[in-house]
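The numbers here are math on the coordinates, done by the rules we state, and not lab data. Just so you know, these numbers come straight off a predicted model, no measurement behind them.
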Amino acid sequence: MLNGKGQFAPPTRLAVDQAVERLHYRPNTIARSLRTKSTQTIAFLLPDIPDPFFVSLISGIQRYAQERDYAILLCVTQGDAEREEQYLNLLHAKQVDGALVDGLVLPPSRIARFVEDGFPMVCLDRDVNSPAVPLVQVDNRLGGRRATDHLLSLGHTRIAHVSGAEPERLRHSQERLAGYQEALSDAGLAVDPRLVAAGDFTEEGGHQATRALLASGAAFSAVFAANDLSAIGAVRAIFESGRSVPEDVSVVGFDDIHISAFVRPQLTTIQQPAAEIARRAIEILLALIHGRRVRERRHLLEPKLIVRASSGGPSIHPHRDPVGLDARAGLR
């Protein structure tokens with residue numbers, strides 16, 4: 001009766017409810033988990049929380065998990081393999097039902113050990129280097145192409161890229177860079193390595209990377225940044241150089257975080273469907289928890305171009321040099 005199941009006469013149910021309230025009865029969740037083999041809890045392992053896109057993922061995961069009567073445990077790994085393994089060992093020992101993971105750096109053999117031991121895991125957003133773990137993410141390569149194609153359609157031919165990290169370190173950064181390169185190649189344009197600078201998915205990283213591009217002397221009229229935080233940092237660096245966005249340099253980001261519509265100028269960006277990523281990942285994880293097979297291991301969702309005020313055609317002002325020859329002077 002206490003779990004809401006069974007058919008009882010209304011007076012009987014009322015009497016039990018009153019007794020529960022009078023005695024301050026609380027179900028013994030440990031005893032229940034021993035019987036059901038489930039704690040109704042799911043963990044979410046992520047490298048960091050301050051990134052607004054992670055906040056969107058957390059919000060979606062919590063909403064969809066609660067709809068299915070699951071609680072969420074957050075575990076911040078700071079991108080440390082040993083901490084990841086400690087968390088996974090603890091979660092498995094405490095009979096947490098399964099885990100959503102974002103970009104584990106743990107070696108594949110150690111990840112596979114948890115899967116083989118019956119601990120369900122699903123990766124979302126950033127790849128995990130293990131074929132044993134299903135993946136749900138946006139199509140990062142397609143997103144990179146759409147950002148670059150948008151700038152090409154506006155008439156830009158010298159487009160810089162601020163990557164999220166050194167591409168060999170993070171697969172999704174590599175994929176966004178690859179989309180940028182493919183779009184340029186398909187347009188018959190050579191990829192200029194001088195126009196690619198590594199950031200670290202932060203405002204400061206985007207700011208420093210764009211300053212380096214400005215100081216290099218390589219001409220460009222647009223910047224595609226690997227995420228919105230980097231794009232916001234890029235806009236600041238461009239303004240500090242004495243130029244305007246988008247009149248002198250257009251800027252496109254990636255993620256469509258909440259503040260992208262409130263910065264000045266409002267940021268053109270590639271939207272990641274955070275809520276849909278969360279929903280799909282929860283569904284797959286619950287299927288694994290309940291013993292169902294998941295045949296498709298890679299689930300790529302479609303990115304969407306959101307056009308706002310930070311992108312426009314190349315400068316038509318003859319007295320304004322596209323960022324290049326006088327860039328060093330603008331940084332003094």
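For the stretch 236-321, just say rounded, prolate or oblate: build the C-alpha gyration tensor, square-root its eigenvalues into a ≥ b ≥ c, call rounded for a/c under 1.5, and beyond that prolate if a/b exceeds b/c, oblate if not. Kindly include the intermediate steps, with their values, before the conclusion.
Working: a/c = 4.67, a/b = 3.49, b/c = 1.34.
Prolate is the answer for the stretch 236-321, as a/c is 1.5 or above and a/b outweighs b/c.
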* Could you pull out every residue, at least 5 positions away or on a different chain, whose amide H is within less than 5 Å of the one on Leu305? Hs are placed 1.01 Å off N in the peptide plane, and Pro or chain starts have none. => Gln271
* Asked: So what are the ³J(HN,Hα) numbers for the stretch 195-210, from phi and the Karplus equation (6.51, -1.76, 1.60; θ = phi - 60°), rounded to whole Hz, Gly and Pro as x?
  -> 9, 10, 10, 7, x, 9, 6, 10, 4, 5, x, x, 5, 5, 5, 6
* **For the stretch 289-305, 3J(HN,Hα) per residue [Karplus equation, 6.51 cos²θ - 1.76 cosθ + 1.60, θ = phi - 60°, Hz, x = Gly/Pro]** => 4, 8, x, 8, 7, 10, 6, 7, 9, 10, 10, 9, 9, 7, x, 10, 7
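What fraction of the Cα pairs in the stretch 50-169, stated in percent, has a spacing above 22 angstrom?
Working: 3230 of 7140 pairs.
Tail of the P(r) past 22 Å holds 45 percent of the pairs.
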* Asked: Residue by residue, what Karplus-based ³J(HN,Hα) values in Hz, rounded to whole numbers, does the stretch 233-249 have, using 6.51, -1.76 and 1.60 with θ = phi - 60° and x for Gly and Pro?
  -> x, 5, 4, 4, 4, 5, 4, 5, 7, x, 10, 10, 10, x, 4, 9, 9
